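Below: one structure, written as structure tokens.
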Amino acid sequence: MSLSAALYERLSGDAELAALLPAFHGGAALFTALPVPATAPLPLLVIGRPEQETNLDVQDVRLARLGVVLTAYARQEAPAEEVDAPLRRARRLLEGADFAWPGGELAALTCRGPLAAPAERPWRAARLEVEGLYFTQPEGGSTP
């Protein structure tokens, strides 16, 4: 399972997050790619592409870092709460959870935000930066 798919699965199954986003084709307005469909309602939440992985070798353990940004969009005249609330809920769902991380065993997950994000008119945007530090092999495995 890809990182985007794992995040989508975790977020799309939450009723509280779904209540903060309008419905779209039988689910919440949650997307894994840009551009989103032109008919998508606002506010909406987009799971960005994972950032490049960084390998960190510490003694016998191989670790890697992978990050992704979640961005919420609303109309510019909408209150900031429309973009902040879904990101705060996403943060609560991801931090401290037993979260399946593709490509290895998750060692630590951190979130930063919601933070203001640049957006062109007529949009308002905010982002949540998610970063995972994970073992690329099962714990106790040897590095090649």
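Coordinate-derived values only; no laboratory data. Predicted model only: the values in this text are computed from it and were never measured. Positions of Cβ are generated from backbone atoms using ideal geometry, with glycine treated the same way; all protein chains shown enter the neighbour counts.
Descriptive notes on the structure:
- Against the main long axis of the alpha-carbon atoms of the chain, helix 81-94 sits at an angle near 20°.
- Gain on full stretching of the segment that runs from VAL58 to GLU120 - 0.36 nm per residue minus C-alpha separation: 18.1 nm
- Zero-based 10 Å bins, Cα pair distances in the chain, whole percents: 11, 41, 29, 13, 5, 0
- Think of each Lys and Arg Cβ as +1 and each Asp and Glu Cβ as -1; about the Cα centre, that makes the dipole of the stretch 3-135 roughly 340 debye.
- Against the chain, whose longest principal axis comes from its Cα atoms, helix 3-12 is set at around 50 degrees.
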